[in-house]
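Here is the structure we will look at.
The values are calculated or read from the model by the stated rules, or taken from the named source; none is laboratory data. The shown structure was predicted, so the numbers you read here are calculated from the model rather than taken from an experiment.
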Amino acid sequence: MSNISHVNNLYDEMLVIRDQLLNRIEILEDEVEYLTQENMFYSKHLYQLEQDIDTIVAKLSQVKSNESQKGSKEIIEEGKETP
């Protein structure tokens with residue numbers, strides 16, 4: 001009888017460990033899902049930030065180009081006025 005009792009105790013221990021492991025797996029799955037959603041959230045914001053920076057750089061380049069063209073026109077006009 002002692003052997004049967006020992007086997008039953010061992011089996012019960014295994015069931016407890018199995019339940020603990022399944023519980024931990026569920027917790028980890030929830031954490032992975034949360035982190036995945038958080039990553040998507042931050043990825044969207046990072047993408048939007050990159051787009052905003054690209055837009056600002058393009059506008060600054062346009063302004064710089066326009067100022068450069070104005071400067072060139074002024075130099076040409078000054079050259080025409082000087083005999």
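State yes or no: is SER43 of a type in the set (S, T, N, Q) and modelled with pLDDT of 95 or more?
On the way: of a type in the set (S, T, N, Q): yes; modelled with pLDDT of 95 or more: yes.
Criteria met by SER43.
Does GLU13 fit the bill of being among the charged types (D, E, K, R), over 34 Å from the mean Cα position of the chain (by Cα) and modelled with pLDDT under 95?
So GLU13 does not fit the description; no.
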